[in-house]
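Have a look at the structure below, then the notes.
The values are calculated or read from the model by the stated rules, or taken from the named source; none is laboratory data. Nothing here was measured: the structure is a model prediction, and the numbers come from that model. Positions of Cβ are generated from backbone atoms using ideal geometry, with glycine treated the same way; all protein chains shown enter the neighbour counts.
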Amino acid sequence: MNVPNRVIYDQTGKIIFETGESCGDVLPRNKITELDYIDIPYGSIDYIKNRIIGINIETKQPILEEIPVYVSEEKKRIQELENQVLLNENEKVGGLL
């Protein structure tokens, strides 16, 4: 299937977004019957920890999803060893740590 490039533009014709063309084993695009927008205040979302996955159409608020933090097996092992060292030191000093 060939999916055409969708161009979203404002009332003056200025291009806001282009989806690009797709071909092969791809899904067709949904028909847009209404287009709206919201302005999210600068700094109100930590985009390092969250991503917007949708907009609640009733409240006009963004729906956020926490971005998972993936820890490699090596980093997990290092953390386990560091924790073990801290526990050992804590035992040596009589539980003061």
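Values for this structure:
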| read-out | value |
| --- | --- |
| Flag if LYS75 is free of Cβ contacts under 8 Å to residues at least 60 places away in the same chain and either within 30 Å of VAL7 (Cα to Cα) or under 24 Å from the mean Cα position of the chain (by Cα) (or both) | yes |
| Contacts under 7 angstrom Cβ, first residue in segment 1-26 being loosely packed, with under 10 Cβ neighbours inside 10 Å, partner in a strand (DSSP E or B) and of a type in the set (Gly, Ala, Ser), 6 or more apart | none |
| Residue in segment 42-55 that is part of a loop (DSSP other than H, G, I, E, B) and in contact with an Asp or Glu (Cβ under 9 Å, 6 or more places away or on another chain) present | yes |
| ARG51 farther than 30 Å from TYR9 by Cα and charged (D, E, K, R) | no |
| Test: ASN30 is free of Cβ contacts under 8 Å to residues at least 12 places away in the same chain and loosely packed, with under 10 Cβ neighbours inside 10 Å | yes |
| Hits in segment 57-83 - residues which are of a type outside the set (A, V, I, L, M, F, W, C), part of a strand (DSSP E or B) and surrounded by 10 or more Cβ atoms within 10 Å (Cβ to Cβ) | GLN61, PRO62, GLU65 |
| Qualifying residue in segment 84-94 (condition: touching a Pro at 6+ places or on another chain (Cβ under 8 Å) and either in a loop (DSSP other than H, G, I, E, B) or at negative phi (or both)) | no |
| ILE45 vs. criteria of a type outside the set (Phe, Trp, Tyr), modelled with pLDDT under 95 and either under 23 Å from the mean Cα position of the chain (by Cα) or on the phi < 0 side of the Ramachandran plot (or both) | no |
